[in-house]
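See structure below.
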Amino acid sequence: MKVGMISFAHVHAGAYASALNGIPHVEFAGIYDEDEARGAEAAEKYGVAHFKSLDEMLASDIEAVVICSTNADHCHYTVKAAEAKKHVLVEKPIATTIEDAKQMIEACKKHNVKLQIAFPVRYMPAMVEAKRIVQSGQLGRILAIKGTNNGSMPGGWFVEKDKSGGGAVMDHTVHVVDIIRWMLGLEFEEIYAEYDRLIYDIPSEDCGMLTMELTGNVFATLDTSWNRPKSYPTWGGVTLTLIGTSGVLEMDAFGQYYNVYRDEATKAEWANFGGNMDYILVKDFVDACINDKPVKITGEDGLRALEVALAAYESGRIHQPVKIEDIR
Amino acid sequence: MKPGLKVGLIGGGAMGSTHAEAYRVIENAELVAIADLIPERAQAIASKTGATIRSANEIIGDPSIDVIDVCVPTFLHRDFVVKAAEAGKHVFCEKPMARSLKEAEEMKAACDKAGVKLAIGHVVRFFPEYISAYHKVKNDQIGDVAVVRTTRGGFALPTAWNDWYANYEWSGGLVLDMIIHDFDYLRWLLGPVERVFAKSTLGRDYNRLEYALVTLKFKSGAIAHVEGSWVNSGGFHTRFEMAGTKGLIDYDSRQTSPIKLTVNRRDGTPGVPVPTGAWEESPYTTELRNFINVLDGKEGIVVDGNEGYESLRIALAALESIETGKAVLL
Ligand SMILES: NC(=O)c1ccc[n+]([C@@H]2O[C@H](COP(=O)([O-])OP(=O)(O)OC[C@H]3O[C@@H](n4cnc5c(N)ncnc54)[C@H](O)[C@@H]3O)[C@@H](O)[C@H]2O)c1
């Protein structure tokens with residue numbers, strides 16, 4: 001199957017490009033980027049064609065696209081790809097507004113193409129194992145959840161609301177929300193958030209703390225802060241603690257690492273050996289397209305996660321909890 | 001007989017026996033009397049320390065006693081503290097100061113009126129890792145504090161006298177009893193709290209598994225996430241992480257203890273687990289030593305009634321938020 005990539009604006013683009021080059025039954029056919037120089041550079045790096053116009057790439061015989069544009073551009077590119085009958089794998093968050101997300105879902109449905117959201121954390125071996133433990137019933141009924149998705153401050157367009165849809169809350173809410181929905185089958189009902197710009201001189205918030213009511217009388221918190229300093233051994237991480245009636249499960253998604261102390265580096269480092277989640281994600285998407293199977297992470301999944309982030313912004317404005325149904 | 005202040009101890013449970021140990025090594029204080037409703041407990045402390053066993057009222061009424069140390073369950077703090085103050089005694093009272101703000105106000109007023117000193121047992125301010133981190137922050141090593149996370153607990157609901165910890169009206173549960181330690185520490189470090197939002201298993205299907213997550217927004221701007229757990233996840237442990245404009249510090253007692261001991265026991269341990277460690281001196285001893293020194297005219301750090309009151313306000317606001325589902329402004 002031939003696959004193209006649209007935009008290298010997002011830092012994850014490189015990982016997906018490498019994955020496309022590594023999957024046996026995929027031909028990575030080319031790159032289009034609204035930033036022509038960036039597109040040319042990436043095409044050269046991954047040894048693929050550089051398309052100077054999007055229409056040209058969409059008119060070619062590729063069957064699917066991977067979109068790594070700014071969040072705000074996801075909708076435009078997804079709709080165009082769907083109209084050209086290309087399957088879509090789009091970086092998270094699905095979009096920056098509910099209207100955009102719905103439009104993307106509609107377009108893909110109408111043109112009968114697949115739409116998958118890139119939530120690679122679902123594919124991490126540690127998360128797969130955790131889900132198995134949850135389903136084994138060893139934890140009993142889940143009472144509460146504590147999650148974190150901290151990171152370093154990404155800078156660039158990530159801090160510009162018109163391109164990213166927000167700051168740390170928009171960037172780091174959706175992964176853990178998706179993991180909780182997937183692992184526990186719970187839905188989010190009400191969101192409270194404290195967030196602020198406290199660390200960096202940037203236009204968006206860099207710290208976020210969400211408290212959430214879920215179905216099943218379960219509550220959860222999520223720390224979305226971009227608060228890992230340059231000297232931290234790694235970029236950040238994802239953790240999740242589940243409190244059950246008969247057990248407690250503590251997960252560190254990137255917890256498979258060893259310490260590295262190199263005199264050439266200015267800090268201690270963590271070398272991860274936890275598996276290549278980006279590769280597994282892209283391969284799973286490609287397999288769904290080739291075998292015409294439903295994708296594992298749908299546009300609706302992306303929309304549900306986006307709703308939580310948007311409710312968090314509303315809560316931070318009024319300093320009280322906000323019901324998801326009220327922002328739909 | 002040792003020279004120095006004479007102390008009478010009321011309540012000889014988990015905390016009372018810890019305090020009794022402390023007075024053995026504090027040079028300028030002597031534990032002279034112990035009261036506990038359970039005779040064996042009073043006896044155990046008496047035979048170790050030489051204190052005489054008496055009723056609480058006898059101890060408070062004894063003119064030769066200078067200091068009353070109140071280690072009874074929380075809902076009884078007010079009665080004993082007020083009586084002790086009225087009898088002209090200085091008072092050390094375990095945290096939380098009281099079960100309600102009204103009780104705490106009465107305690108403050110009684111001590112002010114009698115002109116006696118009141119100290120509240122916010123012992124975390126005397127733990128070496130917390131003191132060290134406090135100075136690290138105050139010395140501007142990580143810049144302005146932005147986001148803090150703390151963890152405390154990981155053991156099953158403590159069983160104590162009359163199962164009082166399980167009685168919400170008596171103990172205030174996990175939030176008032178235990179993570180008030182973190183509220184107090186954070187308030188010491190970051191100043192006043194502006195807003196509180198909290199969730200707990202309390203009032204859902206509690207079943208002796210209490211778990212609470214509290215978010216504090218400070219006037220300084222900082223955001224703190226405080227986790228408390230009376231659910232077994234490997235036994236008592238504490239954690240903190242503070243991220244600032246110039247760096248980050250994190251601590252996990254499970255990873256940094258210089259000594260690791262596991263003893264298999266069939267019966268489980270009764271009482272609340274009191275932290276132990278490879279210390280120069282137990283923080284509980286340091287805490288009481290400071291109070292005794294102040295009473296003795298020397299220098300010392302005391303968490304007084306006003307401080308205890310402010311930290312109590314945060315805990316009660318968290319309980320209100322848990323009950324109402326709304327954010328509470330302080
Ligand atoms: N600072 C800390 O780290 C820490 C740790 C644990 C407990 N505490 C606090 O210390 C206090 C006591 O807790 P604990 O765990 O020791 O409880 P506990 O149940 O182990 O001990 C309380 C004791 O008080 C006695 N008592 C009750 N009523 C009495 C009365 N009228 N006269 C005399 N004795 C009476 C009981 O017999 C019991 O032995 C509580 O306020 C608790 O919150 C503080």
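Each reported figure results from applying straightforward, stated rules to the coordinates on display, with no laboratory input. All values reported here derive from a predicted model rather than from experimental measurement. Glycine gets a Cβ as well: all are built from the backbone with ideal geometry, and neighbour counts include every protein chain shown.
Assorted remarks:
- Computed about the Cα centre, the dipole magnitude for chain B is approximately 500 debye when only Lys and Arg (+1) and Asp and Glu (-1) carry charge, each at its Cβ.
- Taking N as its residue count, the alpha carbon Rg of the range B:1-83 over 2.2 N^0.38 Å: 0.97
- Trypsin sites (Lys or Arg not before Pro) within the range A:32-73, DSSP loop, no more than 13 other Cβ atoms inside 10 Å: A:Lys52
- Cα-based equivalent ellipsoid, the range B:15-135: semi-axes from gyration tensor eigenvalues, Å: 22, 20, 14
- Sum of side-chain charges, B:Glu281 neighbourhood, beta-carbon under 15 Å (Lys, Arg +1; Asp, Glu -1): -2
- Using a Gaussian network model of chain B in which every pair of alpha carbons under 10 angstrom is joined by a spring, one finds that among B:Thr151, B:Thr159, B:Thr286 the greatest mean-square fluctuation is at B:Thr159.
- Across A:Lys92/A:Lys146; B:Lys108/B:Lys246; A:Lys161/A:Lys323; A:Lys163/A:Lys296; A:Lys131/A:Lys267, pairs whose alpha-carbon gap is larger than 30 Å: B:Lys108/B:Lys246; A:Lys131/A:Lys267
- Local net charge near B:Ile10, Cβ-Cβ under 15 Å (Lys/Arg +1, Asp/Glu -1): -2
- For the range A:179-328, the mean projected area of the C-alpha convex hull, equal to one quarter of the hull surface, is 12.6 nm².
- The relative contact order of the range A:2-113, computed from alpha carbon pairs under 8 Å that lie at least 6 residues apart in sequence, is 25 percent.
- Computed over the protein assembly as shown, the ratio Rg/Rh where both radii use C-alpha atoms and Rh is Kirkwood: 1.06
- Calculated on the alpha-carbon coordinates, the convex hull of the range A:2-113 measures out at 84 cubic angstrom per residue.
- Relative contact order of the range A:180-239, defined on C-alpha pairs under 8 angstrom at six or more residues apart (%): 26 percent
- Relative contact order %, chain A, counting alpha carbon pairs below 8 Å whose residues are six or more apart: 20 percent
- For A:Ser231, net neighbour charge (Lys/Arg +1, Asp/Glu -1) across residues whose Cβ lies under 12 Å away: +3
- Sparsely packed loop sites in the range A:254-291 (the trypsin sites (Lys or Arg not before Pro) outside DSSP H, G, I, E and B with at most 11 other Cβ atoms within 10 Å) comprise A:Arg262.
- In order along the range A:176-182, the phi-based Karplus estimate (6.51 cos²θ - 1.76 cosθ + 1.60, θ = phi - 60°) of 3J(HN,Hα) comes to 5, 4, 5, 4, 5, 4, 6 Hz; Gly and Pro are listed as x.
- About its Cα centre, the range A:2-113 has a charge dipole of approximately 380 debye under the convention of +1 per Lys or Arg Cβ and -1 per Asp or Glu Cβ, with nothing else charged.
- Set against the 2.2 N^0.38 Å expectation for a compact globular protein, chain B has a Cα radius of gyration ratio of 0.97.
- Positive-end residue, chain B charge dipole about Cα centroid, Cβ charges, pick of B:Ala35, B:Thr286, B:Val175: B:Val175
- Rg over Rh for the range B:212-273 works out to 1.08, both radii taken from alpha-carbon positions and Rh defined as the Kirkwood radius.
- Set the Cα radius of gyration of the range A:100-181 against 2.2 N^0.38 Å, with N its number of residues, and you get 1.41.
- Furthest towards positive pole of dipole, B:Ala166, B:Ser100, B:Gly61, structure part the protein assembly as shown, Cβ charges: B:Gly61
- Chain A - charge dipole about Cα centre, Lys and Arg +1 at Cβ, Asp and Glu -1, debye rounded to 20: 780 debye
- When you work out D = kT/(6 pi eta Rh) for chain A at 37 °C and 0.692 mPa s, using the Kirkwood radius from C-alpha pairs as Rh and the Stokes-Einstein form, the result is 161 µm²/s.
- The H on the amide N of A:Glu190, modeled in the peptide plane, is under 5 Å from the matching H of A:Glu213, A:Ile324, each at least 5 residues off or on a different chain.
- Amide H contacts of B:Ala29 (H built 1.01 Å from N, under 5 Å, at least 5 apart or other chain): B:Leu5
- Percent of beta bridges antiparallel (DSSP, the protein assembly as shown, rounded to nearest 5): 55 percent
- Between A:Ser7, A:Leu20, A:His76, the Cα set farthest toward the positive side of the dipole of the range A:2-113 (charges on each charged residue's Cβ, about the Cα centre) is that of A:Leu20.
- From phi via Karplus (6.51, -1.76, 1.60), per-residue ³J(HN,Hα) for the range B:82-87 in Hz, x at Gly/Pro: 5, 4, 5, 5, 4, 8
- Within a Gaussian network of chain A (alpha carbon springs, distance under 10 Å), most fluctuating of A:Val128, A:Val65, A:Val88: A:Val128
- The range B:172-317: mean projected area of Cα convex hull, nm²: 11.6 nm²
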